[in-house]
Amino acid sequence: MNPFRSGIVASPWESTVVDVNTIHHEVFEQCLQGIQQVRATQRSAGLLIHGEAGSGKTHLLRRLRSHLAPQAPSATDRDECLYVWVRLQTSPRMIWRTLRRTLVDDWFRPVSGMNSQFQRILFHRFAEIRTAEGDLERWYDYMLENDRPGLKDLLDRIADALDLDRNTAVAFEHIAFGRHVRDLRAWLSGDSLPEAALVRMDLAQDEGTDEEREDQSRQIVLMLCRLAGNGLPIVISFDQVEALQMSPGDRDALFSFGQVTSTLHDSTTNVLIVSCVQSVFVAELRDHARRADYDRMTSLGAWSLDPLNRDQALQLIQARLSQFSDAEMSKIPTTAGWPLAPAAFDELFAKDGSIPPRQLLSLCAERFEAWLKQSRKNATSGNAVPSDPTPETSPTTNAVEESPARPAVATFFKEKWAAAIEEKHASSTPERTEEIIRHGLPMLVRLVAAETKLVTDDLLPDVSLVFETESGRTGISLCTQANMNSLSARLKRLKTQFSTERLQRLVVIRDSRIPISATAKKSQQLLDELEQQQAVVLHPTMEVLAALDALRDLLSDAKSGNLSWHGGTILPQTLEEWLVGNLTDGLRDLVDQVLGNNSKAAGKGASDTRDVEALNTLLATRPVLQLDEAAEALNRPIETVTSLAERYPDQFRVLNGPPATLFRAEEAASQHS
Amino acid sequence: MATKKAPLLPPSAETREALLQIIRSSQEPLAAKALATLLADAHTVSEAQLTPLLEELATTGVLQKYSAAKGKPRYWDRDLRTLARASILQAIQTASAPLTAKELIGKILPLKVSEAEATEILQAEVAGKSLLIFPPAKATGKPLYWDRDLRTLGRTAVLEAAQQADEPFTAKDLTGRLKAPLKLAEADVAAVLDESVAAGTLHPIPGTTAKSKPRFWTHDVLELGCRATLRAINTKGPQTLANLKKEMKGLNDKQIQHVISSLQAKSEIAVHPPLGSTKHEVYGTRPPAPAPYLKDVGTQLNKVVTLLKSARVPVEELRRVLVQLLEEAGISFGGNSVPANSLPAVDLVSLIKRIEPGAERGALVGARDLRRVAQLAKPDFDHAVLELARQGQLSLHRHDYATSLSQVERDELVTDGDGTFYVGMALRSR
């Protein structure tokens, strides 16, 4: 085991392995004091943390999250907090929706193997009004089992006291009784739900235009903060703010972020907003956010995460080595700063007296690896264990430079890209499709068709992205609603907007995992009518969505200094250059289809959409079925269905029989992998 | 031949009783068809049989009949309008802001009332002056209703926002920042601000141009001038009076003179005499660096000293005369001598604290900002900053992709001359 290998903390929700509390102790204390101030004054506040790439921003958030995790069952006399971590890998026009989804995900997450944060809110609210004494959680279990009407009365009292709107009150009740958890979570996250699920939960959903949905998410977030109450402060930490920028120097993204923090600051009474950015980005944030917004973002100050000085570096190395047992430690040289040689260690501080933690860990990891290799070699040959592995190269710069001794950065990119696609494929859900397309597609288009501009048009509220080229404007509308009424309403509005001729081309993006149901005649009719108006309907495959998700993830990491190779930070431009030459065919096709650069989309789109939707609907309920059954269900000749499957190999596959069998291409891909 | 239908029998007394019981326990008016379905378990009775009975009960006043433009009439034993009115008024009393009819319907569930019915009730209350109506925030929005006077609430919100403003604002600026429950018009906000000026709680501040709208602030125009002057010097370095005047838009010459004099009196700014080809004085936050002023004297002194040395004038004699000259010029040699330290005589740490008030709490100071204020040559500045970092007084923050910057942008960063660039610094000993 190499104790220096885990140099990057990907998420504050990761469990803590080694932490040196004295490093960045002051900033950590400021966060705790910030929480105390929010609790005492009942006013929300903001704190900005900045440091260079690899300085430990997410590591500090993990320490904070871990510190705030409940150490014992809920009780009335114990100060507790809620925690939310928002990685801003999203479109600037979807920040509230991303915050809402993340907040709900984090609050449904069991903390420290105990209750979820939503349940802790419930306990705190009960603690304020219940008359019984004794252990709160045991009392709750008793009420749940023996006195459900009594519990319902208490919930009604809480809802009345907080002036909760009807939907929130009903949702809160479902949480208390543990009902419809999956659908409830989706509803709270803002996912489109089928009518039947809404009826089952007795909740309403009004999706509206893009702007209205963003506004609804804002209201839900503020309502959930109110639900938590002043007794339960919430830490909302924003990480990777840089990733919001759709292009270098994008001012709108930072302006939007400023507005979000300002609203949170002014419209809540119990939130500590912790924003994390790279030092190099601070001036840009200050210049592009509105002054008043920046002041709120930093109402408790801006704090620097300093690189490590000599003493802190020694402490970190020692802490990492302390993971070894005594027996293992006895084999390790006791020189201070080992596995770095004393001279090499001193050289790290000669220039400016400090080194970023990630760079130090990476250097140590390489040296340790070399020592381990040498030790094994010596053990087999019977020689003594070496104290210093091999002569070291001078670690003078932080930026990545290729070294003949190291594998090429291209190899690193290739492995990272493949792993990211695989991970995104495994975690792909249709609810994320909109965010992936809206955040990832502009990045992809910038790589493949750099001359294309991303513009906005407020008169097209249902068109999420507008690309402008010499030949005109192309609008992209995400129509991935599971609720057929909402889908129908959106398509209707879209039809009107497309008629205004503000676009030369309209692309409607659907997710084949959410087909139009057989009874949703209106939606199908509107989609047909849009196609008659020359709109193009696309169904990106899961492979394409996973690749696009991986692309935005890697580029966001690079922009925020989180893509590291041998301790150095990989520049976004370096990654972009590699991606241009290594994009999958699916991604290139997607850009061509979106911008209308080939006849592929136009050739097979217009007359097929209805059949594609129908076949997807059928396969959603019966993923594998005989071809003749499919033909009968669709009321089409077998040849038509076969031909359709052949024209859309990325969606459907036919296995020649007998009997000939039809199934989803995704099923085939997953079984193959 | 078509068979003749048998006449419908009226429902039995028992069915009639069961029907009334269902209606009394219902939470809303129900149509005949729904009532027939609810009766179906114990009493087989059709919608057609029930309708005459329901009509009779409605005529005799036992039930209320609710007709709708679409659909069939519904029946109930209670007066829906009275119940709805009471619930709506209760919801309004507990509301923390004005609400639309639709929002109020959501608050009185499970009682079901159409938006039109709710609007009718609300308008009646407005006519009776028990409620107030407010125009919608957007042109396409619906009117809002509340039982409280927004003028008083609006006034409080305006004054609170005015107190929190850290720079002058127009009525329009403040309108956008208000936390009042309903959006106030700019004219309403302007009226409150004018009242405050008359009462002396706010100061009028002229607009930045002749056409700009008047501004307001908790501080007067002289304080505005002082802050603008210091901000300009701190961010751009020493400035001429003409440049400072541009920063103090809206102030007349007399006021500008007053600002400059008061800052000089408080030693917050110092005059720098004209230098070289520049014919104007400039103002800085520190006294001028003497070296550029003495450059010509130094050149001439070098020439003369070289000449005298070649004429075999003893060095001791030269030193004695030069010291005498310097002392006559007011430079005393009785105190401490200049340290041999190679660092420039600029206290960068103090300067950092001055340009970034949050620096002592850990805020980053941009290399560009500090460089402008320090007024040192680039190599001296970079050297001084790196030295402070090595001493542990500062932590330097690297710029990871300085190669992507232009040469001008790179020159503003601190560099070690070995390929590493720093974007800014933070105080370590805080």
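Are any of the residues in segment A:242-262 of a type outside the set (K, R), within 11 Å of another protein chain (Cβ to nearest Cβ) and closer than 22 Å to A:R218 by Cα?
Residues of segment A:242-262 that are of a type outside the set (K, R), as a first pass: A:242-250, A:252-262.
With within 11 Å of another protein chain (Cβ to nearest Cβ) added as a condition, the list becomes A:248, A:262.
So of that shortlist, the ones also closer than 22 Å to A:R218 by Cα come out as A:262.
There is at least one residue in segment A:242-262 that is of a type outside the set (K, R), within 11 Å of another protein chain (Cβ to nearest Cβ) and closer than 22 Å to A:R218 by Cα.
Checking the condition buried (at least 16 other Cβ atoms within 10 Å of the Cβ), touching a Lys or Arg at 6+ places or on another chain (Cβ under 7 Å), within 15 Å of A:N562 (Cα to Cα) and within 13 Å of chain B (Cβ to nearest Cβ), which residue from A:G46, A:G54 passes?
Values: A:G46 fails: within 15 Å of A:N562 (Cα to Cα).
The unique qualifying residue is A:G54.
Just to be sure I understand, how many residues within segment A:188-241 are in contact (Cβ under 8 Å) with a residue 24 or more places away in the chain, of a type in the set (A, V, I, L, M, F, W, C) and outside any loop (DSSP other than H, G, I, E, B)?
Residues flagged as in contact (Cβ under 8 Å) with a residue 24 or more places away in the chain, of a type in the set (A, V, I, L, M, F, W, C) and outside any loop (DSSP other than H, G, I, E, B) within segment A:188-241 amount to 16.
Is it fair to say A:A370 is more than 12 Å from every other protein chain (Cβ to nearest Cβ) and over 28 Å from A:Q240 (Cβ atoms)?
Values: more than 12 Å from every other protein chain (Cβ to nearest Cβ): yes; over 28 Å from A:Q240 (Cβ atoms): yes.
Here the answer is yes, as A:A370 does meet what is asked.
Scan A:R148, A:R166 and give me the residue that is at pLDDT 85 or above and more than 36 Å from the chain's Cα centre (by Cα).
After applying the criteria, what remains is A:R148.
Of all strands (runs of 3 or more DSSP E) completely enclosed by segment A:410-514, which ones contain at least 1 residues that are crowded, with 21+ Cβ neighbours inside 10 Å? Please lay out each step first, then the result.
On the way: elements: A:453-455, A:465-469, A:472-478, A:505-509.
Filter on segment A:410-514 gives A:465-469, A:472-478, A:505-509.
Filter segment A:284-306 down to the residues that are out of contact with any strand residue (DSSP E or B) (no Cβ under 6 Å at 6 or more places or on another chain) and closer than 18 Å to A:R43 by Cα and list them by number.
Within segment A:284-306, A:A292, A:D293, A:Y294, A:D295, A:G301 meet the criteria.
For A:A69, state whether it is more than 14 Å from chain B (Cβ to nearest Cβ) and of a type in the set (G, A, S). I'd like the intermediate steps shown before the answer.
On the way: more than 14 Å from chain B (Cβ to nearest Cβ): yes; of a type in the set (G, A, S): yes.
Yes: the conditions hold for A:A69.
Across segment B:33-69, what is the total count of residues that are under 21 Å from B:R81 (Cβ atoms) and either surrounded by fewer than 16 Cβ atoms within 10 Å (Cβ to Cβ) or small (G, A, S) (or both)?
Adding up the residues that qualify gives 11.
Out of A:V111, A:V17, A:V104, I need the residue that is in contact (Cβ under 8 Å) with a residue 24 or more places away in the chain and within 28 Å of A:S256 (Cα to Cα). Which one?
Numbers: A:V111 fails: within 28 Å of A:S256 (Cα to Cα); A:V17 fails: within 28 Å of A:S256 (Cα to Cα).
None of the other options fit; the residue is A:V104.
So, of the residues in segment A:162-178 that are aliphatic (A, V, I, L, M) and outside any loop (DSSP other than H, G, I, E, B), which turns out to be nearest to A:C225 (Cα to Cα)?
First pass over segment A:162-178, keeping only residues aliphatic (A, V, I, L, M): A:162, A:164, A:169-171, A:175-176.
After this cut, where a residue has to be outside any loop (DSSP other than H, G, I, E, B) as well, the list is A:162, A:169-171, A:175-176.
Details: A:L162: 11, A:A169: 14, A:V170: 16, A:A171: 14, A:I175: 16, A:A176: 17 Å.
Ranking the qualifying residues of segment A:162-178, first place goes to A:L162.
Is it the case that A:R138 is modelled with pLDDT under 90 and crowded, with 18+ Cβ neighbours inside 10 Å?
On the way: modelled with pLDDT under 90: yes; crowded, with 18+ Cβ neighbours inside 10 Å: no.
The answer is no for A:R138.
Just need a number here: residues in segment A:22-38 that are assigned to a helix (DSSP H, G or I), in contact with a Leu (Cβ under 9 Å, 6 or more places away or on another chain) and either of a type outside the set (A, V, I, L, M) or within 13 Å of chain B (Cβ to nearest Cβ) (or both). Give the derivation first.
At the first step, the residues of segment A:22-38 found to be assigned to a helix (DSSP H, G or I) are A:25-38.
This time we only want the ones that are in contact with a Leu (Cβ under 9 Å, 6 or more places away or on another chain), so: A:27-28, A:30-35, A:37-38.
With either of a type outside the set (A, V, I, L, M) or within 13 Å of chain B (Cβ to nearest Cβ) (or both) added as a condition, the list becomes A:27-28, A:30-31, A:33-34, A:37.
Qualifying residue count for the region: 7.
Are any residues in segment B:377-402 closer than 14 Å to B:V349 by Cβ and either touching a residue at least 60 places away in the same chain (Cβ under 8 Å) or more than 10 Å from chain A (Cβ to nearest Cβ) (or both), and if so, which ones?
B:F381, B:A384
Test each condition in (1) modelled with pLDDT under 90; (2) within 14 Å of chain B (Cβ to nearest Cβ) for A:D77 and report the one that comes out false.
(2)
If you scan segment B:396-410, which residues turn out to be under 17 Å from A:A283 (Cβ atoms) and out of contact with any Gly (no Cβ under 7 Å at 6 or more places or on another chain)? Steps first, please.
First, the residues of segment B:396-410 that are under 17 Å from A:A283 (Cβ atoms): B:396-402, B:404-406, B:408-410.
Of everything in segment B:396-410, those that are under 17 Å from A:A283 (Cβ atoms) and out of contact with any Gly (no Cβ under 7 Å at 6 or more places or on another chain) turn out to be B:L396, B:R398, B:H399, B:Y401, B:A402, B:S404, B:L405, B:S406, B:V408, B:E409, B:R410.
Among the residues of segment A:300-311, count how many are outside any strand (DSSP E or B) and either crowded, with 20+ Cβ neighbours inside 10 Å or at the interface with chain B (Cβ under 7 Å from one of its Cβ atoms) (or both). So that I can check it myself, show each step before the final result.
First pass over segment A:300-311, keeping only residues outside any strand (DSSP E or B): A:300-301, A:305-307, A:309-311.
Those still in the list that are either crowded, with 20+ Cβ neighbours inside 10 Å or at the interface with chain B (Cβ under 7 Å from one of its Cβ atoms) (or both) too: A:300-301, A:305-307, A:309.
Total meeting the criteria: 6.
Kindly indicate whether A:V235 is touching a strand residue (DSSP E or B) at 6+ places or on another chain (Cβ under 8 Å) and either over 15 Å from A:A169 (Cα atoms) or among the charged types (D, E, K, R) (or both). Break it down stepwise before answering.
On the way: touching a strand residue (DSSP E or B) at 6+ places or on another chain (Cβ under 8 Å): yes; either over 15 Å from A:A169 (Cα atoms) or among the charged types (D, E, K, R) (or both): yes.
Answer is yes for this residue.
Across segment B:406-430, what is the number of residues that are surrounded by fewer than 17 Cβ atoms within 10 Å (Cβ to Cβ), touching a residue at least 12 places away in the same chain (Cβ under 8 Å) and out of contact with any helix residue (DSSP H, G or I) (no Cβ under 8 Å at 6 or more places or on another chain)?
Adding up the residues that qualify gives 1.
Given the conditions (1) out of contact with any Phe, Trp or Tyr (no Cβ under 7 Å at 6 or more places or on another chain); (2) within 14 Å of chain A (Cβ to nearest Cβ); (3) not in a loop (DSSP other than H, G, I, E, B), report the number of the one that B:V192 does not fulfil.
(2)
Of all residues in segment A:429-472, which are under 17 Å from the mean Cα position of the chain (by Cα) and basic (K, R)?
A:R432, A:R438
For segment A:341-351, give me each residue that is farther than 23 Å from B:H397 by Cα and outside any helix (DSSP H, G or I). I'd like the intermediate steps shown before the answer.
Start the filter on segment A:341-351 by keeping residues that are farther than 23 Å from B:H397 by Cα, which leaves A:341-343.
Answer for segment A:341-351, where residues must be farther than 23 Å from B:H397 by Cα and outside any helix (DSSP H, G or I): just A:A341.
Just give me the residues in segment A:264-299 being facing chain B (nearest Cβ under 9 Å) and not in a helix (DSSP H, G or I), in sequence order.
Matches in segment A:264-299: A:Q278, A:T298.
Output the number of residues of segment A:216-258 satisfying the condition of being surrounded by fewer than 16 Cβ atoms within 10 Å (Cβ to Cβ) and within 20 Å of the chain's Cα centre (by Cα).
1
Can you pull out the residues in segment B:409-430 that are more than 7 Å from chain A (Cβ to nearest Cβ) and at pLDDT below 85?
First pass over segment B:409-430, keeping only residues more than 7 Å from chain A (Cβ to nearest Cβ): B:409-415, B:417, B:421-422, B:425, B:427, B:429-430.
Within segment B:409-430, B:G417, B:S429, B:R430 meet the criteria.
Quick one: count up the residues across segment B:88-115 that are more than 13 Å from chain A (Cβ to nearest Cβ) and among the acidic types (D, E).
Summing the residues that are more than 13 Å from chain A (Cβ to nearest Cβ) and among the acidic types (D, E) in segment B:88-115 gives 1.
Do any strands (runs of 3 or more DSSP E) lying entirely in segment A:615-666 carry at least 2 residues that are out of contact with any Phe, Trp or Tyr (no Cβ under 9 Å at 6 or more places or on another chain), and which ones are they?
Qualifying strands (runs of 3 or more DSSP E): none found.
The values are calculated or read from the model by the stated rules, or taken from the named source; none is laboratory data. Since this is a predicted model, take the numbers as computed values, not measurements. Here Cβ is always computed from backbone atoms with ideal geometry, including for glycine, and neighbour counts include all displayed protein chains.
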